[in-house]
Structures are given as C-alpha cells and as structure tokens.
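Taking it in order: structure first as structure tokens, then the write-up.
Coordinate-derived values only; no laboratory data. Only a predicted model underlies this, so the values are computations on that prediction, with no experimental measurement involved. All Cβ positions, glycine included, derive from the backbone under ideal geometry; neighbour counts span all protein chains shown.
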Amino acid sequence: MRYNKRFQIAMLALLLCFFSFSCISNVEEQLEELTEVSAKLSYIDEVQPILAARCLSCHSTGGSFPDISNFEKVKTHAGAIREQVVSGLMPRGAPLTKSQIKSIVDWVNAGALDN
C-alpha cells in the first residue's frame, strides 16, 4: 500500500510539473506574439492617420474634448481611445472599420509605442 501512495504522489508531482511548464510556454508564446504585433504596427504610418482623419476635428487643441493632437497626448489617453473605439462610442458619426479598430487596439495592446 505504501508503494501505491508513493506512486500517486509521484504522478501528481509529475502532472504539476507538466502543467507548470505548459503555462510558462503559453506566456512566452503570447509575449512573442505581442512583440511581433508591435514590430508590425507603426503609430506614424497606421494609427496617426486614422486619428487625424477621424478624431482631430473634435479632439485637438482648444476643443472641449480631450486633446490628442500629438503622440504624447495620444499615449496619455491610449487606453481610453482603445475602449471608445471598441465600444463604438467614438468616433461619432460613421464608425471606424474593423481594420482601423484592430490597428488601434493592437497598437495600444503592444504598448502604444512611438514607432
């Protein structure tokens, strides 16, 4: 009976090790995916043109809404921008395309880099 108990404990320990390493592997894969996304997305080439065309008419210096007229101000409001475009609350009028929303969301999720 002692051998059976030891065997069960050994199997439990082995399973715990397996699941621990599998979780670490998943985290590493997710980090690699984020790095790939951030390398592909460019604020200047992809995100800023969307904001300029669809947001700056209301969200610029002197307006009554949060100013996002330059990168530092966009970075400050990046999380809110993501939430507003995902929810469809912004921009008012015609919504962004799925591709535009994805670009903004991926850029913010990758760290809202000035690249």
* To do: Report the residues of segment 91-115 in range of a label on Asp45: point 7 Å along Cα→C-beta, backbone N strictly under 11 Å from it.
  => none
* Structure fact -> Residue-ordered couplings for segment 100-108, obtained by feeding phi - 60° into the Karplus form 6.51 cos²θ - 1.76 cosθ + 1.60 and rounding to whole Hz (Gly and Pro as x), are 5, 4, 4, 4, 5, 4, 5, 5, 5
* At q = 0.17, 0.25, 0.28 Å⁻¹, what base-10 log of I(q)/I(0) does the Debye formula yield for segment 70-115 when every alpha carbon is treated as an equal point scatterer in vacuo? -> -0.45, -0.91, -1.07
* **Charge dipole magnitude, Cβ of K and R +1, D and E -1 - segment 42-115, Cα centre, debye nearest 20** => 260
